[in-house]
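To start, the structure under review is shown below, and the notes come after it.
The values are calculated or read from the model by the stated rules, or taken from the named source; none is laboratory data. Values in this document were obtained by computation on a predicted structure and should not be read as measured data. When we count neighbours, we look across all protein chains shown, and the Cβ atoms used for this are built from the backbone with ideal geometry, even at glycine. Surface accessibility is based on the protein's heavy atoms, side chains included, excluding ligands, DNA and RNA. Shrake-Rupley method; radii C 1.70, N 1.55, O 1.52, S 1.80 Å.
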Amino acid sequence: MSESEPYFVHESSYIDEGAEIGDGTQIWHFSHIMGKVKMGEKCKIGQNVVIGPQVTLGNNVKIQNNVSVYQGVTLEDDVFCGPSMVFTNVPTPRCAFPRNTGDAFLPTLVKRGASIGANATIICGNSIGECALIGAGAVVTKDVKPYAIVYGNPARQNGWACECGTVLKIKENRSTCPDCEREYEVKEEELSLLMKIST
């Protein structure tokens, strides 16, 4: 970072004209940020990352090595993308019948605070709820609820995670996080935050 550029870009990376990059963001080796990308503040973009045109990233997004974020994908604040995880944006790709325009892409939304594990695949057209936790290697084929823990192929829900990432133990439809003391309630198969006791 310098006075002329309030963000850091490694000399081996490329930033196309028209990309907007927030203050404090770091873009590391061999990455490519295409035009019309909107990237928030304090993001960390790892090695060999490609961010396609018209992608929007919120603040404090972390994308680990070897990830491509294609047009049609939106990452809200505080999203984590693990190494070599995969987004898709075309549901039925064919080389002989190109579907490489925005009209053919299905949108994918990853909401605030969600984490996606290494080598997971997110099939386009789905939403990942806030603070959800996607296990390593999972194949997500449908929407994921807020705070849900999912893993497997296809990914299935196997519990709930606190906003801080700790696995919750549910007893009589209630849980208090042992690490941060946030309190939760499960109602109609949805987890909701009742109270944040500590900061």
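Tabulated data
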| quantity | calculated |
| --- | --- |
| Tally of residues being open to solvent by 30 Å² or more (accessible area, probe 1.4 Å) and hydrophobic (A, V, I, L, M, F, W, C) across the stretch 164-185 | 3 |
| Qualifying residue in the stretch 17-25 (condition: in a loop (DSSP other than H, G, I, E, B), aliphatic (A, V, I, L, M) and more than 15 Å from Thr108 (Cα to Cα)) | yes |
| Scan of the stretch 87-116 for residues that are out of contact with any helix residue (DSSP H, G or I) (no Cβ under 9 Å at 6 or more places or on another chain), assigned to a loop (DSSP other than H, G, I, E, B) and open to solvent by less than 30 Å² (accessible area, probe 1.4 Å), ordered by number | Gly113, Ala114 |
| Residue tally, condition among the basic types (Lys, Arg) and touching a strand residue (DSSP E or B) at 6+ places or on another chain (Cβ under 6 Å), over the stretch 1-49 | 2 |
| In the stretch 1-29, the residues that are exposed (fewer than 15 other Cβ atoms within 10 Å of the Cβ) and either under 21 Å from the mean Cα position of the chain (by Cα) or under 21 Å from Gly113 (Cβ atoms) (or both) | Glu20, Asp23, His29 |
| Boolean, Asn119 is assigned to a loop (DSSP other than H, G, I, E, B), among the polar types (S, T, N, Q) and surrounded by fewer than 18 Cβ atoms within 10 Å (Cβ to Cβ) | yes |
| Contacts under 7 angstrom Cβ, first residue in the stretch 141-153 being without any contact (Cβ under 8 Å) to a residue 60 or more places away in the chain and more than 13 Å from Glu189 (Cβ to Cβ), partner part of a strand (DSSP E or B) and open to solvent by 100 Å² or more (accessible area, probe 1.4 Å), 6 or more apart | Val150/Arg156 |
| Which numbered condition Gln64 misses (of (1) in contact (Cβ under 8 Å) with a residue 12 or more places away in the chain; (2) more than 13 Å from the chain's Cα centre (by Cα)) | (2) |
| Matching residues, the stretch 122-131, being outside any strand (DSSP E or B) and under 20 Å from Gly72 (Cα atoms) | Ile123, Cys124, Gly125, Asn126, Gly129, Glu130 |
| From Val50, Val55, Val61, Val79, residue being over 19 Å from Asp23 (Cα atoms), of a type in the set (A, V, I, L, M), modelled with pLDDT of 95 or more and open to solvent by less than 80 Å² (accessible area, probe 1.4 Å) | Val50 |
